[in-house]
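Only one structure is covered here, and it is reproduced in the block below.
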Amino acid sequence: MTTDSKNASDASALQPSGVDGGLEDLCQKMLGNIQDALALSRKLERVLESVHQKMLERNIAALEHTLENQIQLLNMLQMNGALREHYLKPFGLSPDQQGMSHFFSLVNRQSSNTLTVNGQALDKYWYQLEGSAHRCQQINSANGRLLARLSASTRKIIELTFSGQTAATYDQNGLTVNSMAE
């Protein structure tokens with residue numbers, strides 16, 4: 001089978017008579033899905049930046065609330081990705097880079113002929129989503145490094161604070177017992 005005939009068969013498999021209304025329906029669903037993921041990812045960027053600031057301030061109460069928001073956004077992004085996988089699977093496409101590239105090439109071949117969804121719009125939003133996801137990874141890595149530094153700093157403070165003290169034991173009434181006197 002030549003490349004042109006394979007491409008033609010790929011495109012024909014995704015025509016409106018195909019699964020779930022074909023390529024047009026898939027494009028509409030994917031556009032909404034990618035736009036939703038982009039909005040969530042941008043919110044996650046802001047939350048991760050807020051986490052960084054709250055760690056610097058050592059504002060634990062606010063940090064706990066912000067981390068709850070982070071978890072909610074991550075769960076929503078995971079559900080969004082699962083939905084994208086659900087949309088692509090009937091067409092034999094995967095939500096990874098290779099599957100998405102194949103999807104975009106199919107859309108771009110067909111978009112000038114019959115589709116109302118612009119393949120360039122899909123590409124643009126996907127590119128923005130990849131950029132936002134990359135920024136989230138960078139901010140998260142910076143937060144991990146900051147957390148490690150804060151943890152080391154806290155351990156050092158505890159070590160310096162209690163380094164000259166002997167461990168105390170307590171009796172049943174909660175009073176300190178001098179182990180040297182026994």
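The values are calculated or read from the model by the stated rules, or taken from the named source; none is laboratory data. Not measured: the values here are computed from a predicted model. Note: ideal-geometry Cβ built from the backbone for every residue, glycine included; neighbour counts use all protein chains shown. The protein model used for the area step is the full one, side chains on, heavy atoms only, and it has no ligands, DNA or RNA in it. Shrake-Rupley method; radii C 1.70, N 1.55, O 1.52, S 1.80 Å.
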Being open to solvent by 60 Å² or more (accessible area, probe 1.4 Å) and more than 12 Å from residue 36 (Cβ to Cβ) is the filter here, so list the residues in segment 75-94 that pass it.
-> 75, 78, 85, 86, 89, 90, 92
Lone unmet requirement of (1) at pLDDT below 95; (2) within 13 Å of residue 30 (Cβ to Cβ) for residue 157 = (2)
Looking across segment 28-45 at residues that are touching a residue at least 60 places away in the same chain (Cβ under 8 Å) and of a type in the set (A, V, I, L, M), the single one that is nearest to residue 71 (Cα to Cα) is 44
Assuming residue 122 fulfils every condition listed in (1) surrounded by fewer than 19 Cβ atoms within 10 Å (Cβ to Cβ); (2) within 12 Å of residue 31 (Cα to Cα); (3) of a type in the set (A, V, I, L, M, F, W, C) apart from one, which condition is it?
-> (1)
Subset of segment 49-66 [surrounded by fewer than 17 Cβ atoms within 10 Å (Cβ to Cβ) and of a type in the set (D, E, K, R)] | 49, 57, 58, 64
Among residues of segment 95-110 being surrounded by 19 or more Cβ atoms within 10 Å (Cβ to Cβ) and among the hydrophobic types (A, V, I, L, M, F, W, C), the residue nearest to residue 131 (Cα to Cα) is 100
